[in-house]
Amino acid sequence: MKHTIRSIEGTYDILPQSPSAMHRAAAWRHAEETIRAVLERFAFEEIRTPVVEPLALIARGMGGSTDIVTKEMFSFERGKTHYVLRPELTAPVMRAYLQHHMGQRPGEQRFFYFGPCFRAERPQKGRYRQFHQYGAEIIGTNDARADAEIIACTVEIYRALGLKNTKLRINTLGDAASRARYSAVLREYFAPMKDKLSAASQKRLQSNPLRILDTKLDYERDLVRNAPQLMTHVDEESLNHYEAVKAYLKRVGIDFAEDPFLVRGLDYYSRTAFEVESFDIGAQSALAGGGRYDRLAEAIGSKQAVPAVGFAAGMERLLLAMEAQDVSWPAAAPLDAFLIGLGEAAKAEVFALAFQLRRDGLHVVHGLHNRSMKAQMRTAHRLRARYCIIIGDNELASRQAQVKDMDQGTQESVPFDALPRILFSHRS
RNA sequence: GUGACCGUAGCUCAGGCGGUUAGAGCGCCAGGUUGUGGCCCUGGAGGUCGGGGGUUCAAGUCCCCUCGGUCACCCCA
């Protein structure tokens with residue numbers, strides 16, 4: 001409680017033991033392994049990109065009017081280079097795709113990622129300054145099946161984890177042109193009632209009127225309710241695309257709700273937009289979100305348009321939801337044996353024996369403190385060791401260890417070289 | 001960035017209107033067996049009461065500042 005150095009605000013440690021799933025390594029591993037298994041069944045390939053990226057990638061990729069870019073970036077400069085700790089992974093993945101000319105590989109490209117992201121927001125439940133996202137992208141096709149497959153994969157992961165009490169909402173934003181037309185219509189609609197809008201929404205009127213639609217302020221919702229519908233301004237091709245996506249989802253039995261006011265916050269989205277919400281994790285309820293982003297590649301410098309669709313999901317929120325629903329994870333591998341050496345010569349023997357048993361594939365530990373036998377037995381018990389192996393002068397002389405079964409309380413004499421066989425035989 | 005609540009041992013928490021050596025339970029360590037765990041008993045270590053300043057004869061307790069935590073707004077995964 002003195003001036004020990006602490007972790008930075010909004011960051012946290014994941015520990016071997018913790019009552020909360022989010023702070024417990026075993027829960028993370030279980031979630032990660034399940035996620036990877038599903039993603040790999042969907043034929044996504046893992047991609048890993050740097051934690052730092054050029055500022056311009058994020059600023060141009062996500063859009064200059066987004067909150068993330070204008071006030072939530074951890075950025076710094078050295079020399080002439082402006083760096084940013086990545087706030088998300090879609091733009092970096094697209095960057096890698098373009099940089100390595102991955103469009104030259106056969107067919108559309110399917111990637112998944114997992115890693116830390118950074119946003120300088122005020123921490124609260126489900127929101128941290130360093131947080132973790134996993135997600136997947138299908139790059140190189142505008143086929144509606146790609147959209148449907150991304151959405152299906154997003155929810156399939158929750159099914160695989162046994163997560164319930166979630167809701168999938170979908171919408172279409174139309175193409176770039178229809179989105180621009182609709183923005184103009186909205187500006188006209190809201191202009192007369194400008195002074196009734198919140199300060200934030202008044203700014204959005206200029207920068208991105210669509211964002212006013214998903215306001216959470218009650219008095220704004222009333223105004224929004226009567227606003228012109230996005231759907232009536234969406235281009236026909238996008239509407240057809242949307243209908244196709246919905247049909248594919250129905251075909252595989254994915255439940256969804258259409259939400260005409262669902263507008264994703266990032267500028268690069270067009271056409272399909274979707275979000276998965278949990279009702280168990282507080283105000284930051286979005287477990288995952290995504291959509292089509294056919295304009296991102298050009299925004300970050302590609303000469304050609306590259307159609308793409310993807311999702312991103314939050315690990316912390318997933319773990320909070322798992323915890324709320326008592327989703328369990330496999331217990332850690334049990335300890336096969338705890339070795340106790342009494343006397344210097346025996347301790348040396350135990351050290352070597354432990355090494356050999358580990359090489360044989362057994363999970364063993366021996367105490368490194370010079371403590372009493374009683375204390376070591378107690379430790380063995382607390383570590384839930386299946387066996388205790390005791391070696392003193394007598395055992396050293398006869399090359400026979402005392403092997404105590406910690407469940408039965410029985411004890412027998414076992415030759416050193418028979419130890420692996422005995423320990424393995426009692427595994428189950 | 002804004003707001004509310006909170007900050008006493010490793011953990012969970014007690015500490016009426018300020019009063020002298022700051023407590024409990026659990027955990028940890030040791031002893032009760034010259035080489036044996038769980039239960040029980042005994043003892044011990046561990047706190048500059050988040051930090052700084054102020055009021056007062058006296059501050060864990062009151063005031064101010066500050067740093068953290070939690071939750072919400074906002075925004076998003």
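Restricting the chymotrypsin sites (Phe, Trp or Tyr not before Pro) of segment A:241-287 to loop positions (DSSP other than H, G, I, E, B) with no more than 13 neighbouring Cβ atoms within 10 Å leaves A:PHE279. If the segment from A:ALA352 to A:SER183 were pulled out straight at 0.36 nm per residue, it would be longer than the present Cα-Cα gap by 53.5 nm. For the peptides A:151-158, A:307-314, A:324-331, A:122-129, the ranking by packing is A:307-314, A:151-158, A:122-129, A:324-331, with the highest mean count of neighbouring Cβ atoms within 10 Å listed first. Note on chain A: GNM, Cα springs under 10 Å; of A:SER198, A:SER398, A:SER183, the largest mean-square fluctuation is that of A:SER398. With the biggest extent put first, the Cα atoms of segment A:29-169 measure 45, 42, 28 Å across the principal axes. Mean residue ellipticity, 222 nm, helices only, chain A: the sum of -39500 (n - 2.57) across DSSP H runs of n ≥ 4, divided by residue count and rounded to 500, is -11000 deg cm²/dmol. Here segment A:337-425 has 51 percent of its accessible surface on carbon and sulfur atoms, given a 1.4 Å probe and all protein chains in place. The slack between A:ASP417 and A:LYS303, meaning 0.36 nm per residue of separation minus the straight C-alpha distance, is 34.2 nm. Sorted largest first, the spans of the alpha carbon positions of segment A:337-425 along the three principal axes are 30, 28, 24 Å. Name the residues of segment A:262-300 whose amide N is less than 15 Å from a point 7 angstrom out from the Cα of A:HIS82 along the C-beta direction? Under 15 Å, as judged by backbone N against the label point of A:HIS82, lie A:300 of segment A:262-300. For A:ASP13, the solvent-accessible surface with a 1.4 Å probe is about 90 Å², rounded to the nearest 10. The residues of chain A expose, per residue, 52 Å² of accessible area to a 1.4 Å probe. With the cut-off at under 20 Å, measuring from each backbone N in segment A:219-239 to a point 7 Å along the Cα-to-Cβ line of A:ALA283 picks out A:219-222.
Note on segment A:53-116: Cα Rg divided by 2.2 N^0.38 Å, N the number of residues, gives 1.25. Most fluctuating residue of A:MET193, A:MET73, A:MET231 in a GNM of chain A with Cα springs under 10 Å: which is it? In this elastic network of chain A, the residue with the biggest mean-square fluctuation among A:MET193, A:MET73, A:MET231 is A:MET193. In whole angstrom, how far apart do the alpha carbon centroids of segment A:161-211 and segment A:318-391 sit? The distance from the Cα centre of segment A:161-211 to that of segment A:318-391 comes to 58 Å. Straightening the chain between A:ASN370 and A:VAL52 buys 109.9 nm, computed as 0.36 nm per residue apart minus the Cα-Cα spacing. Charging the Cβ of each Asp and Glu at -1 and of each Lys and Arg at +1, and nothing else, the dipole of segment A:152-207 about its Cα centre rounds to 160 debye. Compute the distance in nm between two label points, each set 7 Å from the Cα along the Cα-to-Cβ direction, one at A:GLU72 and one at A:HIS101. Taking the two extended label points, one gets 3.7 nm.
Among the DSSP helices (H) of chain A, those spanning at least 18 angstrom by Cα along their long axis with an average Kyte-Doolittle hydropathy of 0.5 or more are A:144-161; this is a geometric and hydropathy rule only. In this entry, segment A:147-305 is assigned a mean projected area of 10.5 nm², taken as a quarter of its C-alpha convex hull surface.
Set the Förster distance to 30 Å, then compute FRET efficiency between A:GLN202 and A:ARG122 from the Cβ-Cβ distance, nearest 0.05. The formula returns an efficiency of 0.85 here. From the Cα gyration tensor of segment A:164-235, with a ≥ b ≥ c the square roots of its eigenvalues, which class applies: rounded if a/c is under 1.5, or else prolate if a/b is larger than b/c, or else oblate? Oblate, since a/c reaches 1.5 and b/c is not below a/b.
Placing unit charges on each Cβ (+1 for Lys and Arg, -1 for Asp and Glu) gives chain A a dipole about its Cα centre, and among A:GLN202, A:TYR269, A:TRP329 the Cα reaching farthest toward its positive end belongs to A:GLN202.
The values are calculated or read from the model by the stated rules, or taken from the named source; none is laboratory data. None of these values were measured; they are calculated from a predicted model. Positions of Cβ are backbone-derived with ideal geometry, glycine not excepted, and every protein chain shown enters the neighbour counts. Keep in mind that these areas ignore ligands, DNA and RNA; they rest on the heavy atoms of the full protein, side chains included. Shrake-Rupley method; radii C 1.70, N 1.55, O 1.52, S 1.80 Å.
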